[in-house]
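Asks: Below is one structure. I have some questions about it.
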Amino acid sequence: SQQGEEDPQALSIQEGENATMNCSYKTSINNLQWYRQNSGRGLVHLILIRSNEREKHSGRLRVTLDTSKKSSSLLITASRAADTASYFCATGGTGGFKTIFGAGTRLFVKA
Amino acid sequence: NAGVTQTPKFQVLKTGQSMTLQCAQDMNHEYMSWYRQDPGMGLRLIHYSVGAGITDQGEVPNGYNVSRSTTEDFPLRLLSAAPSQTSVYFCASSYSPGSMNTEAFFGQGTRLTVV
């Protein structure tokens, strides 16, 4: 079974609105990462948050991490049509060397 | 830098055929991995390697073999292709996932169809 589970599975919003995606995981982690995948392409790294961090910002992205609840959220502010993509969380475990991905959230931003 | 290069981009196999998907990276990353992506399933880890000569199984290793003779290359072999292996395959490389600097770089994928 997959380590990360994103919620919702799909999200449709208007351009300019904020988009929030959530990720839950099962085991202890060293870090949690978010990736974007445009249709038919490889994944692109967006942001990494370490297990001892609670919040991180990068441009229009804001990531939070709650290790007590084993959950993270990704907020995209002032969304654009170009943000239309699938978003995945991935976890690097304390056990060592596996990076496990969730099933992703499909975001559609309407112009 | 080319990053992570996967070949081929597309492949059609007949059931029972074998083939090798190639993956090469030029970033001197010690960690490389193979994932398959099926509709609605996200990415599932097939095999991974933490350095030359060291490989281990991921979540869905059956029907696949890997080897890591050099830091740069991490080929994935399908031993006897089955329709259930129809998928998009991604190779990725990074520093150790347990490290603080573990951004993964992905290839563009190989779309495999087994008929």
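Asks: log₁₀ I(q)/I(0) of chain B at q = 0.22 Å⁻¹, via Debye over equal Cα point scatterers, no solvent, to two decimals?
Replies: Treating every Cα as an identical point scatterer, log10 I(q)/I(0) equals -1.25.
Asks: Below 8 Å between Cα atoms, with a sequence gap of 6+, how large is the relative contact order for chain A in percent?
Replies: Relative contact order comes out at 39 percent.
Asks: Which whole-Hz ³J(HN,Hα) couplings does segment A:31-46 yield from phi under the Karplus relation 6.51 cos²θ - 1.76 cosθ + 1.60, θ = phi - 60°, glycine and proline marked x?
Replies: After applying 6.51 cos²θ - 1.76 cosθ + 1.60, I find 7, 9, 10, 10, 10, 10, 10, 7, 3, x, 10, x, 7, 10, 5, 9 Hz.
Asks: Stick to the Cα atoms of segment A:1-67, pair each with every other, and give me the Kirkwood hydrodynamic radius in Å at one decimal.
Replies: Here the Kirkwood hydrodynamic radius works out to 13.5 Å.
Asks: Mind giving me the nanometre distance, one decimal, between the label points for A:T27 and B:I54, set 7 Å out from Cα along Cα→Cβ?
Replies: For the pair A:T27/B:I54, the computed spacing is 1.7 nm.
Asks: Tally Lys/Arg at +1 and Asp/Glu at -1 over every other residue whose Cβ is under 11 Å from the Cβ of B:A24; what's the total?
Replies: Counting the neighbours of B:A24, the net charge comes to -3.
Asks: So, counting K/R as plus one and D/E as minus one, what does the shell of residues with Cβ under 14 Å around B:K9 add up to?
Replies: +2
Asks: Please find the FRET efficiency linking A:A81 to B:D26, where r is the Cβ-Cβ separation and R0 is fixed at 35 Å, and quote it to the nearest 0.05.
Replies: Working from the Cβ atoms, E equals 0.55.
Asks: Under the Karplus relation 6.51 cos²θ - 1.76 cosθ + 1.60, θ = phi - 60°, what is the ordered set of whole-Hz ³J(HN,Hα) values for segment A:51-64, x standing for Gly and Pro?
Replies: Taking θ as phi minus 60°, the curve returns 5, 9, 9, 10, 8, 8, 10, 8, x, 8, 9, 9, 10, 10 Hz for segment A:51-64.
Asks: Also: Residue by residue through B:103-115, how many Cβ atoms from other chains fall within 10 Å of the Cβ on average?
Replies: 3
Asks: Assuming a ≥ b ≥ c are the square roots of the Cα gyration tensor eigenvalues, decide whether segment A:37-111 counts as rounded (a/c under 1.5), prolate (otherwise, with a/b larger than b/c) or oblate.
Replies: Oblate, since a/c reaches 1.5 and b/c is not below a/b.
Asks: Amide H of B:A82 versus every other amide H placed in the peptide plane: which residues, excluding those fewer than 5 positions away on the same chain, fall under 5 Å?
Replies: Long-range HN contacts for B:A82: B:G16.
Asks: Further, regarding this structure: Averaged across B:39-46, how many Cβ atoms of other chains sit within 10 Å of each residue's Cβ atom? Please report the intermediate quantities before stating the final value.
Replies: Working: counts 0, 4, 4, 14, 12, 5, 6, 0.
Other-chain Cβ atoms within 10 Å of each residue's Cβ, averaged: 6.
Asks: So, one more: Can you list residues whose amide H is under 5 Å from B:L13's amide H, if they're 5+ apart or on another chain and H is modeled 1.01 Å from N?
Replies: Long-range HN contacts for B:L13: B:T113, B:V114, B:V115.
Asks: Computed on alpha carbon atoms, what radius of gyration and Dmax characterise the protein assembly as shown, expressed in Å?
Replies: 17.3, 51
Asks: Could you count how many Lys pairs in the protein assembly as shown have their Cα atoms under 19 Å apart, skipping same-chain pairs fewer than 8 positions apart? It would help to have the intermediate numbers written out before the result.
Replies: Working: A:K26/A:K69; A:K26/A:K70; A:K26/A:K98; A:K56/A:K69; A:K56/A:K70; A:K70/A:K98.
Lysine pairs meeting both conditions in the protein assembly as shown amount to 6.
Asks: Taking springs between alpha-carbon atoms closer than 10 angstrom, which of A:S72, A:S24, A:S58 fluctuates most in the Gaussian network model of chain A?
Replies: With Cα springs under 10 Å in chain A, the top fluctuation among A:S72, A:S24, A:S58 is at A:S58.
Asks: Could you derive backbone 3J(HN,Hα) for segment B:16-25 from the dihedral phi with the Karplus parameters 6.51, -1.76 and 1.60 (θ = phi - 60°), listing whole Hz in sequence and x where the residue is Gly or Pro?
Replies: Each residue of segment B:16-25 in turn: x, 6, 10, 6, 10, 8, 9, 9, 9, 10 Hz.
Asks: What relative contact order, as a whole-number percentage, does chain B give when Cα pairs under 8 Å and 6 or more residues apart are counted?
Replies: Relative contact order for chain B comes out at 35 percent.
Rule-based calculations on the coordinates, nothing more; no lab input. Given the structure is predicted, the values throughout are model-derived calculations rather than measurements. Cβ atoms come from the backbone with ideal geometry, glycine included; neighbour counts cover every protein chain shown.
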